[in-house]
Every structure is written in C-alpha cells, then in structure tokens.
Amino acid sequence: MADYALFGLKILLIFFVMYSLIKFYVFFFIKYERRRKLLDSSYNGKTSATQVQDIFLLVMALILLGLLFVSGGMQYISFTTGLFVGMLLIQLYFHSFSKPLKTEESPEPPISPIKMMSYAIEASPGRAWKELVILTVILVWALYMLLTVGFGL
C-alpha cells in the first residue's frame, strides 16, 4: 500500500509542479489586455472567481497529505520547514501588491479583498519577482528530484 501511495504522490506532485511553473509565468507570456479580459470574465460581477477551484484544491491538498502519510515518506523536519517556507513566500508574494491600483486597473463592483488582489497581480505581476524566482528554483529542483530520484530518469 505504501508503494502505491508513494507512486501516486509522485505523479500528483509532478502534475502540480508543472501546473505551478506554468501558472506563475503565464503573466509574462500573455499581454495584460488579454489577461484582464479573462479576469473580468472570470469574476463577471461576482466577488470570487475560484470557489469551485478552491474546493478542488483543498481536496487535493488533503489527498496529497494522505498519500504522504500513507507512503511513510513524511519527515517532520522537512515537512515543517517546507510548510513554513511556502507560507512565508506566499505572504511576501501578496505583500508585493500593496500599491494602489490606477482607476483603469481596478475591478468593477462588487469588490472583495481577493478580487482587488487578483486585479493588482494582473496589473503588475513583476512586483513579486523575488518570490517568483525563489518559488521557481524550488519547483525546478523538486521536478528534477521527482524525475531523477523518484522515477530514476
């Protein structure tokens, strides 16, 4: 059972690492005007655009934790360190977007804190360049380790 859990965990982690790397850098390959139209259509008069996705990701987080626990691969020091590094990087990422938006960059009402943050990120994604570089290095290393050590490629 532990071997199957570890195999499933590795596959899911490769998927999420690839997804994260693509998601972080879509800002730099798609022009602001296109990203803004996509964001406007996602919110479409609502205060949240990710309610279904958030439920899915929460379930996935629980599945990843369960697989890690069942596989016997959880080492408390590594896990706790990674947890805190991730939490700190996300906090610093959000803090990079404290500058007020220009009128033309602001979302249409109704406005929620997360909606305002989404529009701030879309308007100036490069503000969080330091956090994105660190996250990229960690994710590329993780992908390398998953492929070489995890699958022997």
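Out of the residues in region 42-98 meeting the condition of being under 23 Å from A5 (Cα atoms) and of a type in the set (S, T, Y), tell me which one is surrounded by the fewest Cβ atoms within 10 Å (Cβ to Cβ).
Y76
Answer yes if at least one residue in region 102-121 is within 17 Å of the chain's Cα centre (by Cα), of a type outside the set (D, E, K, R) and under 23 Å from W141 (Cα atoms), and no otherwise.
Looking through region 102-121, none of the residues is within 17 Å of the chain's Cα centre (by Cα), of a type outside the set (D, E, K, R) and under 23 Å from W141 (Cα atoms).
Of the residues L57, L62, L38, L9, only one is assigned to a helix (DSSP H, G or I), among the aliphatic types (A, V, I, L, M) and touching a residue at least 12 places away in the same chain (Cβ under 8 Å); which?
L9
In this structure, is I121 open to solvent by 70 Å² or more (accessible area, probe 1.4 Å), touching a residue at least 12 places away in the same chain (Cβ under 8 Å) and closer than 30 Å to K31 by Cβ?
no
Which condition number in (1) over 21 Å from W129 (Cβ atoms); (2) outside any helix (DSSP H, G or I) is the one that I30 fails?
It is condition (1) that I30 fails.
May I ask you to verify whether L39 is within 19 Å of the chain's Cα centre (by Cα), within 24 Å of T148 (Cα to Cα) and surrounded by 14 or more Cβ atoms within 10 Å (Cβ to Cβ)?
The answer is no for L39.
The values are calculated or read from the model by the stated rules, or taken from the named source; none is laboratory data. This one's a predicted model, so the numbers in the text were calculated from it and none came from an experiment. As a convention, Cβ positions derive from the backbone with ideal geometry for all residues, glycine included, and neighbour counts pool all protein chains shown. Ligands, DNA and RNA are excluded from the accessible area calculation, which covers all protein heavy atoms including side chains. Shrake-Rupley method; radii C 1.70, N 1.55, O 1.52, S 1.80 Å.
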